[in-house]
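Remarks on the structure that follows.
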Amino acid sequence: MGIEIGYAYSKKKPIIYLRRKGAAYSTTAAGCSSHIIGYENIIDLAEKIEFTLKEELKFQ
């Protein structure tokens, strides 16, 4: 995962870091991410992904 994140980061691609609340936290992934989504369940995740993608597309 680290190589892929580094490559995307070097190409200035948006990186969305998905992390279930209470799960281990990657400082490397978080540091390269343009968005960090902490979620509690699948419904929460779906809502936050939808919102984040709409926001990201505004700037494309």
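Any read-out appearing in this document is the output of simple, stated calculations on the displayed coordinates, not a laboratory observation. These figures come from a predicted structure and were not determined experimentally. When we count neighbours, we look across all protein chains shown, and the Cβ atoms used for this are built from the backbone with ideal geometry, even at glycine.
This model, with +1 at the C-beta of Lys and Arg and -1 at the C-beta of Asp and Glu, gives the chain a dipole about its Cα centre of some 220 debye.
Of all lysines in the structure, the ones whose alpha carbon falls short of 23 Å from that of Lys21, not counting any fewer than 8 places away in one chain, are Lys48, Lys54.
Calculate the FRET efficiency for Lys12 and Glu47 from the Cβ-Cβ distance with a Förster distance of 35 Å, rounded to the nearest 0.05. Computed FRET efficiency for Lys12 and Glu47 comes out at 0.85. When Rg and the Kirkwood radius Rh are both evaluated on Cα atoms of the chain, their ratio Rg/Rh stands at 0.98.
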